[in-house]
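Written below as structure tokens is the structure these notes are about.
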Amino acid sequence: MAGPPASLSARDVGSFAYLTVKDRSPQILTKAIDTLHRHKNEFFEKHGEKGLEAEKKAISLLSKLRNELQTDKPIVPLVEKFVDTDVWNQYLEYQQSLLNESDGKPRWFLSPWLFVECYMYRRIHEAIIQSPPIDDFDVFKELKDQNFFESQESVIALCTHLQELRKTIEDLDENQLKNEFFKVLQISLWGNKCDLSLSGGEHSSQKTNIMNSLEDLKPFILVNDMDRLWSLLSNYKKTREKESVTRVDIVLDNSGFELITDLVLADFLLSSKLATKIHFYGKTIPWFVSDTTLHDFNWIIKQLKHSNNKWVSQCGVDWEDHIKMGRWVYLDHIFWTLPHEFSAMSQVAPDLHAALQKAHLIFFKGDLNYRKLTGDRRWEFTVPFHEALSGFHPAPLCSIRTLKAEVQVGLQPGQGEQLTASEPNWLTTGRYGVFQFDGPL
């Protein structure tokens, strides 16, 4: 049997991976450097001269990183001791072992895109932790916060919809409940458009009320397994014993507006009794500009709670209560910020794999999770999703993703080619989305 196809890589000149490494990645590093520079006075006020020295050091390390990337230097091992340093350096050795002698060492424009992109964010973190006393500074926090504040109108519309729905949810018949479930799923899908790493850190807020656009956006859902999700969860609900648990895990993507759409989905799952417990997985370190960390998760809920809009504030209060009562649990794990595809999880992070096996359903939000689910490879469009997962099946799972990378599987024959003919960049604009399920039929 033939092995899996080649990884996406910046060696393909003109590809999205190439343009990311060539243009977007240096742009993100420049923004990180600018952010540190703008906080110079704050570092001085907090830490005196040591703060200024740390800022200079972090900027120097990030400038060096940008230069390595732009001049296609070899990828170097991590040096600062951290919980994942050894695993990263072993992975770098593994990448070296895949190369021919003529290739030399792993490099930015030669190695798999997934690896070098993850490596860049890990090196940004290394530059910060090598620069105490500012070693807990999140260079992306301002951008994430700005995304939330600029999406206020949509946040209010969403929280109002949820609170009004909760009042009548007990009275809905099965078909009405199913339609509401599909609505919150689609809100969570289109919330995934707000991705700061795609825009190189430029504005990506949700300024219009997403609720009004759901019907118009339906034709852009290329794979729609929402019915399978409904039949799985409604079946659990019907057969659940009184004290037993139905747990849905959500592997988060972006903070800001997208996170709120995910929290709305999680709240609906509980109030509809389609689930009784939600586990959220976020990142242990700042990642891919806008990914959710524990700090972002808590900050968003606090912002909502203190809103002067009563429905928004009510969501904040309710969600804080879900956390206090243990109905919602936030977790993180270093595996989510490693460069490995998910098929390696059972070997690299057996504890995380075992935890996911206890879920009744896992939602994987966003593009990076999709790339890691499928190994970020040049699959044919018609390859079944199950096959592209390469043995990763801890529990029934579903990718909820808008397309921002040149990998997509599970399409109908001719569907991908038709899209390419009418819209050459359809894979990378975030305009199309999928609900792609893998689990029992």
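Condition first: in a helix (DSSP H, G or I) and either among the aromatic types (Phe, Trp, Tyr) or over 20 Å from residue 266 (Cβ atoms) (or both). Now tell me which residues in the stretch 353-364 satisfy that.
Across the stretch 353-364, the qualifying residues are 353, 354.
Quick test for you: out of 94, 119, pick the one residue that is farther than 20 Å from residue 62 by Cα, assigned to a helix (DSSP H, G or I), of a type outside the set (A, V, I, L, M, F, W, C) and within 26 Å of the chain's Cα centre (by Cα).
After ruling out the rest, the residue left standing is 94.
Given 360, 340, 386, which one is under 19 Å from the mean Cα position of the chain (by Cα), open to solvent by 10 Å² or more (accessible area, probe 1.4 Å) and in contact (Cβ under 8 Å) with a residue 24 or more places away in the chain?
From the options 360, 340, 386, the qualifying one is 340.
Just to be sure before I move on: is residue 278 of a type outside the set (S, T, N, Q), closer than 28 Å to residue 170 by Cβ, in contact with a helix residue (DSSP H, G or I) (Cβ under 8 Å, 6 or more places away or on another chain) and surrounded by fewer than 18 Cβ atoms within 10 Å (Cβ to Cβ) in the structure I sent?
Judged against the criteria, residue 278 is not a match.
Take residue 381 and tell me if it is in contact with a Cys (Cβ under 6 Å, 6 or more places away or on another chain), among the hydrophobic types (A, V, I, L, M, F, W, C) and at pLDDT 95 or above.
When the stated conditions are applied, residue 381 does not pass them.
Please count how many residues of the stretch 365-405 are closer than 21 Å to residue 256 by Cβ, of a type in the set (Lys, Arg) and in a strand (DSSP E or B).
Qualifying residue count for the region: 2.
Every residue in the stretch 57-74 that is open to solvent by less than 100 Å² (accessible area, probe 1.4 Å), out of contact with any Leu (no Cβ under 9 Å at 6 or more places or on another chain) and assigned to a helix (DSSP H, G or I), please.
57, 60, 61, 67, 68
Can you pull out every residue in the stretch 222-240 that is closer than 18 Å to residue 278 by Cα and of a type outside the set (Phe, Trp, Tyr)?
229, 232, 233, 234, 235, 237, 240
Residues in the stretch 348-397 that are of a type in the set (A, V, I, L, M) and under 15 Å from residue 335 (Cα atoms): how many?
Looking only at that region, the number is 8.
Please give the helices (runs of 4 or more DSSP H) falling wholly within the stretch 196-299 in which 2 or more residues are within 19 Å of the chain's Cα centre (by Cα) and modelled with pLDDT of 95 or more.
By residue number, 257-271.
The values are calculated or read from the model by the stated rules, or taken from the named source; none is laboratory data. Everything numeric in this text was worked out from a predicted model, so none of it was measured. Quick reminder, even Gly has a Cβ in these numbers, built from the backbone with ideal geometry, and neighbours come from all protein chains shown. Heads up: the accessible areas ignore ligands, DNA and RNA and are worked out on the full protein's heavy atoms, side chains in. Shrake-Rupley method; radii C 1.70, N 1.55, O 1.52, S 1.80 Å.
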